[in-house]
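Okay, structure first, notes after.
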Amino acid sequence: MINSYKFLEAREKLRILRDTLSRYEIKLAEVENAREVLERTDGKVYRVIGGLIFEIDRDEAKAYLEKSELAFKSQVEKLKKEIEKLTSELRKLEAKAVGGA
């Protein structure tokens, strides 16, 4: 018989990881879109910091977006690996439950 608490805890953790992954994928898409817009336009660039809007240098904006993109991609990959690992663990717990019943 499987430990139902352990199983439920793992399922909840998996749900949280999937939600977090979804949020990071949205942020990554926003950053990628901002980079594309920055490359297609020649106008001034502004950044919102703490509710205030500041004009910033295009190169500074590009560097910030590149750094953000790398960070979000890294987080997305890390979360995908954690989800894969936890999904595998859940399958093993389910197999034990079916085999042990």
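With axes computed from alpha carbons, what is the tilt in degrees of helix 4-40 against the longest principal axis of the chain, rounded to the nearest 10 within 0 to 90?
20
For the chain, report the convex hull volume of the alpha-carbon atoms normalised per residue, in Å³, without decimals.
That works out to 96 Å³ per residue.
Using the Karplus curve 6.51 cos²θ - 1.76 cosθ + 1.60 with θ = phi - 60°, work out ³J(HN,Hα) for each residue of region 62-74 in order, rounded to whole Hz, and write x for Gly and Pro.
4, 5, 4, 5, 4, 5, 4, 4, 4, 5, 5, 4, 4
From the phi angles alone, apply the Karplus equation (6.51, -1.76, 1.60; θ = phi - 60°) to region 82-97 and give each ³J(HN,Hα) in whole Hz, x where the residue is Gly or Pro.
Values, residue by residue: 5, 5, 4, 5, 5, 4, 4, 4, 5, 4, 5, 5, 5, 5, 4, 5 Hz.
Given the rule -39500 (n - 2.57) for each run of at least 4 DSSP H residues, summed and divided by the residues of the chain, what is its mean residue ellipticity at 222 nm, to the nearest 500 deg cm²/dmol?
Value at 222 nm, helices only, nearest 500: -29500 deg cm²/dmol.
Taking a 20 Å limit on the Cα-Cα distance, which of the listed pairs K6/K73; K6/K85; K27/K85; K6/K78 fall beyond it? Walk me through the intermediate numbers first.
Working: K6/K73 30 Å; K6/K85 15 Å; K27/K85 23 Å; K6/K78 23 Å.
Going by Cα-Cα distance, K6/K73; K27/K85; K6/K78 fall outside the 20 Å limit.
Going Cα to Cα from K44, which aspartates and glutamates come in below 13 Å? Please leave out same-chain ones fewer than 8 positions away.
Within reach: E55, D57, D59, E60.
How much length is gained on full extension from R47 to L70, taking 0.36 nm per residue of separation minus their Cα-Cα distance? If you can, show how the numbers build up before the last one.
Numbers: separation 23, 0.36 × 23 = 8.28 nm, distance 1.89 nm.
Contour length minus Cα-Cα distance gives 6.4 nm.
Laboratory data are not the source of any read-out in this text; all were calculated from the coordinates shown. Because the structure is predicted, anything quoted here is derived from the model rather than measured.
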